[in-house]
Amino acid sequence: MVLEIVGTRFLAKYFGTSYYVWVNQIGLVMVALALGYYWGGILADRWRKLGKLAWLLAPAGIFTFYIPHFADRLINLVSTPLNQPLTPFRQVLDPVLGSAVVFLLPCIMLAMLSPYVTQICARNLSQVGRASGLIFAASTVGSIAGVFISGYFLLQTATLTTIFYVTGGAIMLLAAACVALNGWLQPPEVPATPLPPHLHD
């Protein structure tokens, strides 16, 4: 949510503050959540280790940290050149593309956390509902905090560059935490299914 709220302010210098920018940024984050939840679930079933998530979070943190340094070039690549008229279609499309090239990747990576941690925390099938409810509740509380912290504190007291530095650094610390907690948060081994009596030797 920090990237969503701060990202809208960041994109304003390229595309203005029209409702197109807000709608596109919110929609893009929803797309990132859907993709992240799906891919996170697949990788959680395949890897089943919290430490592996660091290989995804670390690049996301580095990417976020350096957004102020490369966003101009990426957005200019996908936006209407200044010497060309801005058509109504491009007025809608440019913010979508600009938001996607800057914010889609880190938002997908962060969305992958929820299903991945659910897989790690669910001790058995009877606890999947409880684990998923706890993880998504915590995720929602974090999103609420991100909205208010961004809107009422970060954007009022810090520059956008500083916010990206802090956010990227926090994501990289999260990657380090995944490595540190890898041996503690391990999914249980699934017991082997016993053979029917008539198949025993």
Problem set entry | the chain - charge dipole about Cα centre, Lys and Arg +1 at Cβ, Asp and Glu -1, debye rounded to 20 | 120
For this session: Any chance you could look up the accessible area of Tyr19 with a 1.4 Å probe, heavy atoms only, rounded to 10 Å²?
Result: 140
For this session: Run the 1.4 Å probe and let me know the accessible area of Ile149, rounded to the nearest 10 Å².
Result: 90
Problem set entry | Share of carbon and sulfur in the accessible heavy-atom surface of the chain [1.4 Å probe, %] | 70
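Per residue, how much accessible area does region 1-70 have with a 1.4 Å probe, in Å²?
With the other protein chains kept in place, region 1-70 gives 52 Å² per residue.
On full extension of the chain, what length is gained from Ile149 through Leu173, given 0.36 nm per residue of separation minus the C-alpha to C-alpha distance? Could you put the intermediate results ahead of the total?
On the way: separation 24, 0.36 × 24 = 8.64 nm, distance 1.91 nm.
Computed gain between Ile149 and Leu173 is 6.7 nm.
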Problem set entry | Estimated distance in nm for a label pair at Asn76 and Asn182, the labels positioned 7 Å out from Cα along Cα-to-Cβ | 4.0
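Taking a 1.4 Å probe, which of Ile67, Ile26, Ile5 shows the most accessible area, and what order do the others take after it? If you can, show how the numbers build up before the last one.
Numbers: Ile67 0, Ile26 75, Ile5 30 Å².
Sorted descending by solvent-accessible area, the residues read Ile26, Ile5, Ile67.
The values are calculated or read from the model by the stated rules, or taken from the named source; none is laboratory data. Being a predicted model, the structure only gives us computed values, none of them experimental. We place every Cβ from the backbone using ideal geometry, glycine too, and count neighbours over all the protein chains shown. Only protein heavy atoms, including side chains, enter the accessible area calculation; ligands, DNA and RNA are left aside. Shrake-Rupley method; radii C 1.70, N 1.55, O 1.52, S 1.80 Å.
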